[in-house]
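Data block below; observations after.
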Amino acid sequence: MKFYHGEIQLEVPENVYYPREDSILMAKALENLEIKGKSVLEVGCGSGFLSIIAAKNGAHVTAVDINAEAVKTAKANAEANGCNIETIQSDLFSSVKGRFDLIIFNPPYLPVEAGENDPTYAGGKSGREVIERFINMTNGHLKPNGRVLIVISSLTGEKEIVELLKKTGMTVSIIAREKIPWEELIVIEASQS
């Protein structure tokens with residue numbers, strides 16, 4: 001399937017996350033950041049949509065995903081859109097080396113029943129399982145004064161995610177919200193204090 005956003009055109013195979021409202025809200029937040037010359041890591045890159053936006057805004061981008069097909073898709077989409085990004089297959093930070101100015105993550109955040117484990121949306125029983133693993137590993141991959149952008153759903157538990165981030169010593173602010181029919185999407189920015 002094809003996906004279009006401004007001048008960006010993506011090819012998205014069936015088993016790779018197709019950009020939806022959460023991706024577009026994150027894209028708007030990302031487009032408002034000054035990231036030229038900064039190092040950016042996108043965790044869970046899917047089709048490469050957010051990585052391409054970061055690269056087009058002058059960032060040095062590394063994109064990782066647990067899905068090997070997503071990694072290939074992100075690389076191909078970046079090249080097709082005139083961008084150069086480094087792509088790595090990785091379960092969160094397992095294959096990531098180095099530290100970054102900005103880490104972006106559109107995680108699987110929906111609460112699901114036991115046994116439901118589609119990695120594109122299933123966030124475990126609470127919706128926070130993957131997010132908690134991510135947050136607990138983030139500080140080791142941020143440069144001093146580094147920031148994290150993460151998008152969640154109101155179904156995930158905004159207060160709980162904010163508290164998790166604060167427990168790691170980060171300063172937290174909500175930078176975007178969008179109400180959609182069945183939930184509210186929230187972009188959280190967290191920075192090292």
Test set (1) touching a Ser or Thr at 6+ places or on another chain (Cβ under 7 Å); (2) among the hydrophobic types (A, V, I, L, M, F, W, C); (3) surrounded by 19 or more Cβ atoms within 10 Å (Cβ to Cβ) - Phe3 fails condition number: (3)
Residue within segment 36-51 that is over 15 Å from the mean Cα position of the chain (by Cα), modelled with pLDDT of 95 or more and assigned to a strand (DSSP E or B) present: no
Total residues in segment 138-155, condition at pLDDT 95 or above and outside any strand (DSSP E or B): 1
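Only residues that are among the hydrophobic types (A, V, I, L, M, F, W, C), assigned to a strand (DSSP E or B) and closer than 22 Å to Lys28 by Cα: list them for segment 158-193, please. Let's see the steps before the verdict.
Just the residues of segment 158-193 that are among the hydrophobic types (A, V, I, L, M, F, W, C), to begin with: 161-162, 164-165, 170, 172, 174-176, 180, 182, 185-188, 190.
Add one more test, that the residue is assigned to a strand (DSSP E or B), and what stays is 170, 172, 174-176, 180, 185-188, 190.
Those that are among the hydrophobic types (A, V, I, L, M, F, W, C), assigned to a strand (DSSP E or B) and closer than 22 Å to Lys28 by Cα: Val172, Ile174, Ile175, Ala176, Ile180, Leu185, Ile186, Val187, Ile188, Ala190.
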Residues located in segment 32-67, provided they are in contact with a His (Cβ under 8 Å, 6 or more places away or on another chain) and without any contact (Cβ under 8 Å) to a residue 24 or more places away in the chain: Gly37
Residue match in segment 91-110 (condition: in a loop (DSSP other than H, G, I, E, B), surrounded by 15 or more Cβ atoms within 10 Å (Cβ to Cβ), of a type in the set (A, V, I, L, M) and modelled with pLDDT of 90 or more): yes
Test: residue in segment 48-68 that is of a type outside the set (D, E, K, R), over 22 Å from Glu189 (Cβ atoms), surrounded by 23 or more Cβ atoms within 10 Å (Cβ to Cβ) and touching a Pro at 6+ places or on another chain (Cβ under 7 Å): no
Some residue of segment 137-147 being touching a helix residue (DSSP H, G or I) at 6+ places or on another chain (Cβ under 7 Å) and more than 21 Å from Asp22 (Cα to Cα): no
Residues satisfying the stated conditions in segment 74-90, i.e. in contact (Cβ under 8 Å) with a residue 40 or more places away in the chain, part of a helix (DSSP H, G or I) and closer than 17 Å to Ala27 by Cβ: Asn77
Close pairs from segment 5-31: first at negative phi and part of a loop (DSSP other than H, G, I, E, B), partner surrounded by 14 or more Cβ atoms within 10 Å (Cβ to Cβ) and of a type in the set (Phe, Trp, Tyr), Cβ under 6 Å, at least 6 apart: Val12/Phe3; Val12/Tyr18; Pro19/Phe3; Pro19/Phe49
When residues of segment 153-185 are limited to those that are in contact with a helix residue (DSSP H, G or I) (Cβ under 7 Å, 6 or more places away or on another chain) and within 22 Å of Phe100 (Cβ to Cβ), the one surrounded by the most Cβ atoms within 10 Å (Cβ to Cβ): Ile161
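The values are calculated or read from the model by the stated rules, or taken from the named source; none is laboratory data. Being a predicted model, the structure only gives us computed values, none of them experimental. Counting neighbours? That spans all protein chains shown, and the Cβs are built from the backbone with ideal geometry, glycine included.
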